[in-house]
1. Could you give the length gained by full extension between VAL99 and PHE39, i.e. 0.36 nm per residue of separation minus their alpha carbon distance, to one decimal place?
2. Using a 1.4 Å probe on the protein heavy atoms only, what accessible surface does LYS57 show? Give it in Å² to the nearest 10.
3. Determine how large the accessible area of VAL99 is when every protein chain is in place; take a 1.4 Å probe and give Å² rounded to the nearest 10.
4. Please give the peptides 75-85, 100-110 ranked by average Cβ packing (other Cβ atoms within 10 Å per residue), highest first, as a rough proxy for protection.
Amino acid sequence: MYYKFSGFTQKLAGAWASDAYNPQGLRPVVSTEAPPIIFATPTKMTSSYPAYDYAGKNKVPELQKFFQKPDGVPVHLKRGLPDQMLYRTTMALTLGGTVYCLIALYMASQPRNK
């Protein structure tokens with residue numbers, strides 16, 4: 001006897017040999033013909049478009065020179081005040097979160113008095 005998994009009852013159920021060898025209604029493909037084309041519009045060639053599609057000039061070489069300047073300032077602080085504020089805020093939140101976690105661990109380790 002052959003068995004297959006029933007998606008409806010979530011159990012094994014008796015089945016014919018063809019159902020057991022082709023589960024979930026999957027059948028071998030009989031037709032070897034290509035399906036009809038749905039969108040038959042012609043394709044545009046890429047040679048009609050420019051090689052780049054962005055607005056503005058390439059700033060990468062200028063930024064590379066700026067960030068690689070040997071002035072002793074770390075890369076994450078090269079742009080001045082905005083970078084300093086972001087760095088200090090991140091450090092303050094990190095330290096505050098660490099202190100908060102340590103306080104929470106201390107409070108959780110102490111038994112409650114009734």
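The values are calculated or read from the model by the stated rules, or taken from the named source; none is laboratory data. A quick note: this is a predicted structure, and the numbers were derived from the prediction, not measured. In this analysis, Cβ positions are derived from the backbone assuming ideal geometry, glycine residues included, and neighbour counts consider all displayed protein chains. We work out accessible area using only protein heavy atoms, side chains counted, and drop any ligands, DNA or RNA first. Shrake-Rupley method; radii C 1.70, N 1.55, O 1.52, S 1.80 Å.
1. Gain on extension, VAL99 to PHE39, equals 15.4 nm.
2. Its heavy atoms expose roughly 140 Å² to the probe.
3. So the heavy atoms of VAL99 present about 80 Å² to solvent.
4. Per-residue Cβ counts within 10 Å, averaged per peptide and sorted highest first, yield 75-85, 100-110.
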